[in-house]
Amino acid sequence: MELDPLLLSRLQFAFVVSFHAIFPVFTIGLASYIALLHGLFYKTENPAWDRLALFWTKVFAVVFGMGVVSGIVMSFQFGTNWSNFAYATSNFLGPVLSYEVVTAFFLEAAFLGVLLFGRNKVPEGVHLFAAIMVAVGTFISSFWILSANSWMQTPAGFELIDGRFHITSWMEALFNPSFWYRFVHMGMASFLTGGFVVAGVSAWFLLRKRDVEANKKALSMCLWLLLILAPAQAVVGDFHGLNTLEHQPTKVAAMEGNWETQTNVPLLLFAIPDQESQTNHFEIGIPNLASLILTHRADGEVPGLNAVPVEEQPPVAIVFWSFRVMVGIGLLMIAVALVGLLLRRKGRVYENRLFLKTLTVMIISPFLAVLGGWIVTESGRAPWLVYGVMTHAEGLTPSLTGGMALFTLIGYIAVYSVVFLTGIYYLTRVVRNGMHEEQIEVEGEVERPKRPLSAAHTPFDDDLEGANA
Amino acid sequence: MSIDLSLIWAAIIGFGVIMYVLMDGFDLGLGILFPFAPDEESRDVMMNSVAPVWDGNETWLVLGGAGLLGAFPLVYSVFLPALYIGVFLMLAGLIFRGISFEFRFKSKKNRRWWNRAFCWGSAIATFAQGAVVGAYIQGFAVEDFRYVGGALDWLTPFTILTGLGLMAGYALLGSTWLILKSEGHVQQWAYRITPKLLLAVLVVFGIVSLWTPLVSPEVRDRWMNQIHLIWFFPILAMVCAGALYRAVKRQQEGLPFVATLGLFIFTYLGLIASKWPVIVPPNYTIWDAASAPESQLFLLVGVLFVIPIVLAYTAWTYWVFRGKVKVGEGYH
C-alpha cells in the first residue's frame, strides 16, 4: 500500500496539537491562580498563601516546560507539512503568530525566569509583578492563537488574489464571526482546568491530612470558582453552538448525528453513525430536543449532513462521540460543583472522603473535555482547512512523501511519549513531596539563607525505579 | 509608497536571527560541552548559569519562524519542506534539552540520562542549524514558488562541515560565557578549552571560506569582482579572534565572551554580504519572497513598538541574574 502523506500529516498535526493543547489550557488557569496566591500573600502575609504559591509554581514550571517545547514544534509544523497552506494564508497567519511571539511568548519566558529563580533577587512587589506578567502573557497568547484558529473556521476580512489570501480588514479578520465565542469558551475551559486540578490535588492532600490549613483554603476557593464557572460554561457553549450552526451547519449536523434536513429533530443520547449508508444505528434520543436547543422551537428545522456532498462531510462518528464526551463531562462538572455547595452548607465539605476522592479522580476530566471539544471543532471542519475556501489536500506540502511524513510521525510519537511519561512521573513526585518539603527545607535553610526556595529542585526519585531508563 | 517595507523587514529578520544565534548559541554551547565538564558540580554551574534565561533565548527562534511567515512567507514555505528531516531533528533535540532543565534537577538516580538528553539535544539541534546555513549557501530547488527537491538534498559534505562548524562556534560561545559566569576550577577549565575551540572554529571557517566559492559561483563573483569593502567583515572577524586569544591568555573575564560575539556578528555580516539581496537561493530576492505590503505594514507597526519593550525587559532579567554562579549555590 502506498503511504498517504495527506492522511499521515493530518494524523501528525492532530497528535502534535492535541499533545500541545493540554499544557497551555492548564497553565493559563494556573498562572492566574499563582498570581492570585502571590497577591494574597503580599496583602495578608499569611504564610499559607506563600506555601501554596511555592508549591503550585513548581508544578507550573514542569508543565510550562513541556508546553514550551511542544509549542516550538507547532510553530514549524505549518511550514513542514502544510507549506501550501502556510504560503497561501501567510498574509494573515504570519502577522498574527508573530504578534503572539512578541506580545506574549517573550513576556512569559522572561518573567517566568524571574518568578522561578528571582525570589531572593528582586523585591517582593517585583516578584508579584512577575507572576502577574506571566499570567497576562498566557492570556495574550490565547487571544492571538484563538483568533488564528477562529479565522480558519470562519474566515473573514480577506480577498483571494491568485490563490493567496489578502487581508482587506484586519478588524474583521481578527475579530471574525466565531472569535469571541471560542475565546470565552477556551478562557473558561482554562480556568475550569486549573480549578479542577487544584481542587483535586488539595483534596488529595486533605485526605492525607497534609498542610490542612492551606489546602482547605485552596479547595474552598476552587469550589466557589467551579460553582460559578461550570454552569456558565454550559451557557457559553450553547451560544457557541448557535454560532456554529449559523456559520458551519454541517459541523452541527455531525455533532447531532442528523443526516436529513428536517423539523422536530430529537437530541440523540446514543447512536452509531454509519457514514457509508448515511444513517444511524441504535438511536436513543429525546424527541424534539435538538430542534428546541438549536432553534428554540420544538418544530424548528435543522440542517442535515446531506445538505452537502458526501466528500464534504466531516468524519461523523468522531465528531458525534467527541461532542458527547465533552458535554457529558461538562454536566458531571456541574454536578460535582453542586454537591460541593451542598456539603459546604452541611459543613462537611473537607471531611467527606467520598467527595474528596471524587475530586481527585476529576483531575483528569477537564483535559478529556478540552480534547473532546477540540476534536469536535477541528474534525468537524474537515475536509476544509480554511472553511469553505481551502481543503486539507490543497494545503499539503507538495514535496512531502508518505515516507517522510511517517518518519516524523513516529518520531514525534516516540519523543512525546518520553516527555509525557517522565513529565507525569516528575509531576507526581512534586505533588507527593507536596508542601511538607518546603517546611522542612525552611528549617534547614538557616545556614544558607541565600538559597532561594522557589522552584526548589530537591532530588526525590532516589527511592524509586528509573522513569526513563 | 516610497518606504521599502521589505528592506526594513529584511533588517528586522536579520536582527532576529543574529539575536537567536548569539543568545541561544551560548546555552546550546554549554550543552555541547556538557560531557567534557570536569565534574557534576561544574555541570550544575553550567546549567544554573542559563536556567533563568534559556526560555527567552529560544523564543527568538520562534520569532524567526513566525516573522518569516509574516514578512517573507516564501522563505518559510520553501526552507521548511526542503529541510524537513533536519527541522524534525532540530525540534526533537530542542525538546529533550528543554525539558532536561526542569527534569535534571528533579532527578538524582537518572541524572546521567538527563545529562545525555541535554548534551545530545543541544548537539543535534546545533548541527541541524549549522546544516541550514550550509544549505542556504548551496541553494534550493524551487519551481513556481514551491520546493521541488528531495528529502535529503540538504545533507551534503558541505552542510555536514557547516553543521560541525556551528557546533564548534556555539561551544566557543558557551565556554566564554562560562568564563564570565563562573569561578574557581569551573572557570579554569573554561579557560583551558577556549583556545582549542577557537582553533577548531578558525579551521572550519577557513575551509568553508575556500569551499563556498566552489559551491556557489555567485558568491565567488561577489567577493572577487565587486566592491572590496566587504573584505572588512572577515578582517574584523579575525581581529575579534585575536582579541579573544589574548584575553584568554591574560585570564580576562568579560572580554572573551564579547570578542566571541564580535566574531559571530562579523562572520554573519560576511555571509549576508555574500548573498544579498537573495533570500531563497539561487533565484529569489527579498522582494520576491515578501508578503503583501499591508501585512508587512500591519506587523511592522506593532513590532517597532513592542520589540524595544521586549529588549528592555530581557536586558532587565539578565541584570537581575548578573554575577557569578557559585558552586553548590544554584538557583534551584
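Taking the charge dipole of chain A about its Cα centre, with +1 at Lys and Arg Cβ atoms and -1 at Asp and Glu Cβ atoms, the residue from A:Leu11, A:Ser220, A:His185 reaching farthest to the positive side is A:Ser220.
Using a simple spin-label model with pseudo-atoms 7 Å out from Cα toward Cβ, A:Asn120 and B:Trp287 lie 6.0 nm apart. Compared with the dominant principal axis of the Cα atoms in chain A, helix A:402-433 is inclined by about 30°. Report the calculated FRET efficiency for B:Ile230 and B:Arg112 (r = Cβ-Cβ distance, R0 = 60 Å), to the nearest 0.05. Rounded to the nearest 0.05, the efficiency is 0.80. Using the Cβ-Cβ distance between A:Lys43 and A:Val389 with R0 set to 41 Å, the FRET efficiency from 1/(1 + (r/R0)^6) comes to roughly 0.20. Taking the inverse of the mean 1/r over every pair of distinct Cα atoms in the stretch B:117-220 gives a Kirkwood hydrodynamic radius of 15.3 Å. The slack in the chain from B:Arg192 to B:Leu164, taken as 0.36 nm per residue of separation less the alpha-carbon distance, amounts to 8.0 nm. Taking 7 Å steps out from each Cα toward its Cβ at B:Val148 and A:Ile413 produces label points 3.4 nm apart. Among the listed pairs A:Lys121/B:Lys181; A:Lys58/A:Lys357; A:Lys121/B:Lys106; B:Lys249/B:Lys326; A:Lys121/B:Lys109, those whose Cα-Cα separation exceeds 25 Å are A:Lys121/B:Lys109. Whole-Hz Karplus values for the stretch B:117-128 come out as 4, 5, 5, 5, x, 5, 5, 5, 4, 5, 4, 4 Hz, taken residue by residue from phi with 6.51 cos²θ - 1.76 cosθ + 1.60 and θ = phi - 60°; glycine and proline positions read x. Contact order for chain B, expressed relative to its length and based on alpha carbon pairs under 8 Å spaced 6+ residues apart, stands at 25 percent. Across the stretch B:58-176, the relative contact order, built from alpha-carbon pairs under 8 Å that are at least six residues apart, equals 28 percent. Annotation: for a label point projected 7 angstrom from Cα along Cα→Cβ of A:Leu427, residues of the stretch A:198-230 with backbone N closer than 18 Å are A:198-205. For the protein assembly as shown, the equivalent ellipsoid derived from the Cα gyration tensor has semi-axes of 45, 37, 21 Å, listed largest first.
Peptide A:111-123 shows a mean partner chain C-beta count of 5 within 10 Å per residue C-beta. Averaged over peptide A:423-430, the number of partner chain Cβ atoms lying within 10 Å of each residue's Cβ comes to 2. Using the Cα coordinates of chain A, the gyration tensor eigenvalues translate into equivalent-ellipsoid semi-axes of 40, 28, 21 Å, sorted from longest to shortest.
For the peptides A:206-217, A:31-42, residues were scored by their other Cβ atoms within 10 Å and the scores averaged per peptide; the highest-first order is A:31-42, A:206-217. Phi-derived couplings, Karplus 6.51 cos²θ - 1.76 cosθ + 1.60 at θ = phi - 60°, listed residue by residue for the stretch A:362-379: 5, 3, 6, 4, x, 5, 5, 5, 5, 4, x, x, 5, 5, 4, 6, 7, 5 Hz, with x used for Gly and Pro.
Under the simplified labelling scheme, the A:Leu341-B:Ser209 pair shows an inter-label distance of 7.6 nm, with each label point 7 Å from Cα along Cα→Cβ. One quarter of the convex hull surface built on the alpha carbon atoms of the stretch B:1-106 amounts to 8.0 nm², the projected area averaged over directions. In chain B, carbon and sulfur make up what percent of the accessible area (probe 1.4 Å)? In chain B, the share of accessible area belonging to carbon and sulfur is 72 percent. Distance from a point 7 Å along Cα→Cβ of A:Val235 to each backbone N in the stretch A:146-183: keep the residues under 18 Å and list them by number. A:180-183, by backbone N distance to the label point. Couplings for the stretch A:252-257, taken from phi via the Karplus curve 6.51 cos²θ - 1.76 cosθ + 1.60 with θ = phi - 60°, read 5, 4, 5, 4, 8, x Hz in order; Gly and Pro are left as x. Buried on complex formation within the stretch B:274-300 (loss of at least 30 square angstrom of accessible surface versus the isolated chain, 1.4 Å probe, ligands and nucleic acids ignored): B:Ala292, B:Glu294, B:Ser295, B:Phe298, B:Leu299. Relative contact order of chain A, taken over Cα pairs closer than 8 Å and 6 or more residues apart, is 22 percent. Here the stretch A:1-76 is treated with +1 on each Lys and Arg Cβ and -1 on each Asp and Glu Cβ, and its dipole about the Cα centre works out to around 240 debye. Once the 1.4 Å probe is applied to the protein heavy atoms, the stretch A:240-378 comes out at 50 Å² accessible per residue. For the listed peptides A:397-409, B:93-105, A:264-276, a ranking on the average number of other beta carbons within 10 Å per residue, highest first, reads B:93-105, A:397-409, A:264-276. With all protein chains in place and a 1.4 Å probe, the accessible surface of the stretch A:1-86 carries 68 percent carbon and sulfur. Working note: Cα gyration tensor of the stretch A:104-232, eigenvalues times five, square-rooted, sorted largest first, giving semi-axes of 38, 22, 10 Å.
Global dimensions of the stretch A:364-421 from alpha-carbon coordinates: Rg and Dmax equal 15.1, 40 Å. Pair-distance distribution of the stretch B:97-153: all C-alpha pairs, bin width 10 Å, starting at 0; shares per bin in whole percent are 21, 31, 19, 19, 9, 1.
Along its first, second and third principal axes, ordered by size, chain B spans 57, 39, 38 Å in Cα coordinates. Note on B:87-95: average number of Cβ atoms from other chains within 10 Å of each residue's Cβ is 6. Interface B-A: total buried accessible area of about 7000 Å², 1.4 Å probe, protein heavy atoms only. Taken along its principal axes, the alpha carbon cloud of the stretch B:238-298 reaches lengths of 53, 28, 11 Å, longest axis first. Taking packing as the residue-averaged number of other Cβ atoms within 10 angstrom, the listed peptides A:128-138, B:69-79, A:325-335 run from highest to lowest as B:69-79, A:128-138, A:325-335.
The values are calculated or read from the model by the stated rules, or taken from the named source; none is laboratory data. The structure presented is a predicted model; accordingly, all values stated were derived computationally and were not measured. Neighbour counts are summed over all protein chains in view; Cβ atoms, including those assigned to glycine, are modelled from backbone coordinates with ideal geometry. The area values use the complete protein model at the heavy-atom level, side chains included, leaving out ligands, DNA and RNA. Shrake-Rupley method; radii C 1.70, N 1.55, O 1.52, S 1.80 Å.
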